[in-house]
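> Please find one structure pasted underneath; my questions will follow.
Every read-out reported here was derived from the displayed coordinates using simple, explicitly stated rules and does not represent laboratory data. The structure displayed is predicted, hence computed values, not measured ones. Glycine gets a Cβ as well: all are built from the backbone with ideal geometry, and neighbour counts include every protein chain shown.
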Amino acid sequence: MAPSPTAPVRPPSAGSSRACSNGPAKPAPTAITPRACSRCWSGITPPGGNLPKKARPLGILEAVKKFGWPEPGSEIKSVELLVGEPCNARCLFCCAGASGAGAWRPFAELEAELARARRRGAWLVTLSGGEATLSPDLFRLAARARALGFKSVQVLTNGLKFASPAFARRAAAAGIDEVKVSLHGVDAATHDRLTGVPGSFDKAMLAFANLNAAGIKASANFAVTRLNYRQMPLYARLVAGRLGLTGLCFMFSFYEGDMLPNSSRLSVRYGEVLPYLRLALEYIRRAGIKIESRMISNFTPCLAPEYENIMIDWGARGAARSGHVFKDGKRRRAAEFYAPRKAQLPACAGCAYADACYGVDRSYVSAYGGGEFAAVPRRRRRFPLKPLYP
């Protein structure tokens, strides 16, 4: 069990691979406390600095040069293609629910959607599911996207298939240039419990190594729950420091799908999460790690106005940058996925973000009320972190 947010901790020595924990140092890190985090910064490791050269990941600027992506500062014109619903994990928080249910969509249908998105100017396609790596058409879809002129083909994945070096090499040969791996903890106990798959943490670590070796840019996604939120500063250090990745995303869980029956053990207040999120982002700032694009999901600007510029899917303006999503043969703006789930509160009246913000997850408000949310009188003009792709 993780220590309470106010429990005393022992910081690791500089360069130590062990994380702050309650009492003597332990091999498996679990959590960190806000008041102790600043001491951990003395051991900041430069991105990729402790990895063998052959295993170092591609940084964002290296990837731009290697793959011919639009230069930083360019607008991200993207489309997300949901290729089907089957999945080989059993994540406790999955907003889709019924893991493994459903079928794969026909290749011809997906190909037509790729072509339509390309005609509208999309240069980035993200293949997702379910678990996209299980699709029998994954590599064929990636190759077709390249043939249509997409500059980047990304895959969202739990990483299990990429634990195979051969699979990573096939992905690279098909034209996949970035893979976003779900990694929901800094140790196997946390990650495996959340995914419902024993050994999934170790396979995620293998996936990162295999992606590096195959020349594919790797990124990491973290779903915030009660079981892992105190690990967020350590996660930033693991992913951005030790693993050397320049792409990561913190996603506050949606109260849908499997999250609902598991909410008693997974749900957490924004107010509990924010101190740990701020420490994670401060680590990134102090370490000089580049923020690739907006990387805080399902938070509202009133909770942390200083990070509004790196939040995504909070409102119409932010969602416009997320492009379109194709599901069940229907094209929808990304905004349409979020607006029905959320609603503005009475406290939102007069907020500087009210014209764009969708509000708060309705199920969250049912569980915790709206006392954490308040109107922001004016928008900020300066921010501690600046994404390369705004």
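> Counting alpha carbon pairs within less than 8 Å and at least 6 residues apart, what relative contact order, in whole percent, applies to the range 339-383?
So the answer I get is 47 percent.
> Cα-based Rg of the range 209-255 per 2.2 N^0.38 Å, rounded to two decimals?
On the way: Rg = 12.1 Å, N = 47, 2.2 N^0.38 = 9.5 Å.
Scaled against compact globular proteins, the figure is 1.27.
> Here's a follow-up. Rank by packing, highest mean first: peptides 259-272, 125-138, 217-230, with packing defined as the count of other Cβ atoms within 10 Å averaged across residues. Show your work: numbers first, answer last.
Values: 259-272: 15.9, 125-138: 22.1, 217-230: 24.4.
Top to bottom by mean Cβ count within 10 Å: 217-230, 125-138, 259-272.
> Which of 290/342; 217/386; 161/342; 161/217; 65/180; 65/161 have a Cα-Cα distance over 24 Å? Can you show the working numbers first?
Working: 290/342 31 Å; 217/386 21 Å; 161/342 34 Å; 161/217 16 Å; 65/180 19 Å; 65/161 27 Å.
In this structure, 290/342; 161/342; 65/161 lie more than 24 Å apart at Cα.
> For the range 34-368, what does the relative contact order come out to in percent, with C-alpha contacts under 8 Å and a separation of six or more?
Here the relative contact order equals 20 percent.
> For the range 126-137, take each phi angle, set θ = phi - 60°, evaluate the Karplus expression 6.51 cos²θ - 1.76 cosθ + 1.60, and give the result in whole Hz per residue in order, putting x for glycine and proline.
The phi angles translate into 10, 9, 9, x, x, 10, 4, 5, 7, 5, x, 9 Hz.
> Still on this structure, I have one more. Taking every alpha carbon pair in the range 34-368, what does the distance histogram look like in 20 angstrom bins from 0, in percent?
31, 63, 6
> Report the Rg/Rh value for the range 135-223, based on alpha-carbon coordinates and the Kirkwood definition of Rh.
Rg divided by Rh gives 1.00.
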